[in-house]
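To start, the structure under review is shown below, and the notes come after it.
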Amino acid sequence: MAKAVKRARDRRDRMDMADDPFALFDDWYRKARETEINDSNAMALATADPEGHPSVRMVLLKGHGPDGFIFYTNYEGRKGGELLANPHTALLFHWKSLRRQIRIEGPVTPVDDATADAYFATRSRDSQLGAWASDQSRPLPERRIFEQRFAEVEKLFADKPVPRPPHWSGFRVTPQRIEFWEDRDHRLHHRRVFTRTETGWNEGLLYP
């Protein structure tokens, strides 16, 4: 039995031995899209203010590829402000159904206007209106005030397309380090890490 388990693990290791971290991400992400019930594109996003005080929240991945990982937000909210002041972040995907995690670290840059406009146009109309009505992360004395602002914006853009607010856009994370974590029995987990160099990627393993 032990030999059979070892052979199965060896086969699984060989199957996941892609030397391109983006290809491996694509494979894991595709499987997550098939198995996760809700928001398989959800990821934890960590930021820090100029003094180094951290904060973290869940956001949704809206684009990915060799040029990086994209998400969108209000630039005047807490995470947007912290990323503009300290343009470095860490991302974490955790897919419970697969018992896998991916950790990504790197600098962030704003996406171009055309990219942001194209994504904003795909959002539901209420989401578009909400981007105008919300002072994201700022104190809200009572819910009624936000609902009133939403109604005012809804009236303002009645019967016409909702443009992207100038303070709402996206960030692209350019990964410098990507770790693929896979659960193993008895917490003997399998961890592969890719680190970017001037000529490509260095790959190695980490102790569980």
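Structure notes:
- Counting only Cα atoms, the stretch 67-208 measures 57, 37, 27 Å along its principal axes, largest extent leading.
- Sequence-separation-based contact order of the chain, relative, with Cα cut under 8 Å and 6+ spacing, percent: 20
- Spatially, the stretch 50-89 and the stretch 96-142 are offset by 9 Å when compared through their Cα centroids.
- In this structure, the pairs whose alpha-carbon distance is over 32 Å, taken from K79/K155; K31/K160; K62/K155; K31/K79, are K31/K160.
- Per-residue SASA entry for M58, accessible area with 1.4 Å probe, Å² rounded to 10: 130
- Protein accessible area in the chain, 1.4 Å probe - carbon and sulfur %: 53
- Solvent-accessible surface of the chain, taken per residue with a 1.4 Å probe and all protein chains present: 60 Å².
- Estimated 222 nm signal from helices in the chain, with DSSP H stretches of n ≥ 4 weighted -39500 (n - 2.57), rounded to 500: -10000 deg cm²/dmol
- Inverse mean reciprocal Cα-Cα distance (Kirkwood Rh) of the stretch 40-120, Å: 13.5
- A simple packing score, the average count of other Cβ atoms within 10 Å per residue, orders the peptides 169-182, 64-77 as 169-182, 64-77, with the highest score first.
- Kirkwood radius, the stretch 100-146, all distinct C-alpha pairs, inverse of mean reciprocal distance: 14.0 Å.
- Lys, Arg +1 and Asp, Glu -1 on Cβ, resulting dipole of the chain about Cα centre, debye, nearest 20: 960
- For Y72, neighbours were defined as the other residues whose beta-carbon sits under 12 Å from its Cβ, and their charges (Lys and Arg +1, Asp and Glu -1) total +4.
- L84, L206, ranked by accessible area, largest first (probe 1.4 Å): L84, L206
The values are calculated or read from the model by the stated rules, or taken from the named source; none is laboratory data. If you're wondering where the values come from, they're calculated on a predicted model, not measured in any experiment. No Cβ is skipped: glycine too gets one built from the backbone with ideal geometry, and neighbour counts run over all protein chains shown. SASA here: full protein model, heavy atoms, side chains in, ligands and nucleic acids out. Shrake-Rupley method; radii C 1.70, N 1.55, O 1.52, S 1.80 Å.
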